[in-house]
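Working notes, structure below.
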Amino acid sequence: MTERLAPGDPAPEFTLPTDNGDTLTLKDLRGRKVILYVYPAAMTPGCTKQACDFRDSLGSLQAAGYEVVGISPDVPAKLAKFRERDAITFPLVSDQDKSVLTAYGAFGEKQMYGKTVTGVIRSTFVIDPDGAIEHAFYNVKATGHVAKLRRDLGID
């Protein structure tokens, strides 16, 4: 079983390529609250729904002081197509070797259609301005998760 993060744990640092050819480092976001959400594959129905929900909620999340970053094992070129196709307005980062996903406990064994498989575990992490995990949500649903997250964070 993959080690899971808990509130108070330091958020694992990362420097990853983005959908637009830049790199994003967690340290670059220090001083801000970050919602790092993990999804299995760009341009699939569930991941599209989730990304669009974050996109549509971005104004209220940013007004509450949160930055949103999506992370998947997709190559940057696929992330760029995803961003363009669905007008994603926040950074998407690529973790092709899944080392960051593993560090966050978001890659490993999971149940899928009654079978144990190894893969990306859809998860969301709320990271405080000092770089500590505030909330760690594992095995979240693609549909309805952003609304639930907003309720959990007290954001209208």
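Answer with yes or no whether Lys27 is under 16 Å from Lys141 (Cα atoms) and basic (Lys, Arg). In short, no. Note on region 127-143: residues that are part of a loop (DSSP other than H, G, I, E, B) and of a type in the set (Val, Ile, Thr) total 2.
Only one of the listed residues (Leu101, Leu79) is within 26 Å of Gly59 (Cβ to Cβ), touching a strand residue (DSSP E or B) at 6+ places or on another chain (Cβ under 6 Å) and of a type in the set (A, V, I, L, M, F, W, C). That residue is Leu79. Select, from Asp86, Asp152, Asp128, Asp74, the only residue that is in contact with a Leu (Cβ under 9 Å, 6 or more places away or on another chain), of a type in the set (D, E, K, R) and more than 13 Å from Arg4 (Cα to Cα). The match here is Asp74. Being at pLDDT 95 or above, more than 15 Å from Thr18 (Cα to Cα) and either among the aliphatic types (A, V, I, L, M) or within 14 Å of the chain's Cα centre (by Cα) (or both) is the requirement here; does Tyr39 meet it? No, not satisfied.
For beta carbons closer than 9 Å, sequence separation of 6+ or different chains, a first residue in region 19-31 that is of a type outside the set (Phe, Trp, Tyr) and a second that is exposed (fewer than 13 other Cβ atoms within 10 Å of the Cβ) and assigned to a loop (DSSP other than H, G, I, E, B), the qualifying pairs are Thr25/Glu13; Leu26/Glu13; Lys27/Glu13; Arg30/Asp130; Gly31/Asp130.
The set of residues from region 120-134 being out of contact with any Phe, Trp or Tyr (no Cβ under 7 Å at 6 or more places or on another chain) and over 19 Å from Arg55 (Cβ atoms) comprises Ile127, Asp128, Pro129, Asp130, Gly131, Ala132, Glu134.
The conditions of being surrounded by 19 or more Cβ atoms within 10 Å (Cβ to Cβ), part of a strand (DSSP E or B) and within 16 Å of the chain's Cα centre (by Cα) are not met by Val146. Answer with yes or no whether Ser99 is of a type in the set (Gly, Ala, Ser) and over 13 Å from the mean Cα position of the chain (by Cα). Yes: the conditions hold for Ser99.
The values are calculated or read from the model by the stated rules, or taken from the named source; none is laboratory data. Bear in mind that the values here come from a model prediction, so they are computed numbers and not experimental data. When we count neighbours, we look across all protein chains shown, and the Cβ atoms used for this are built from the backbone with ideal geometry, even at glycine.
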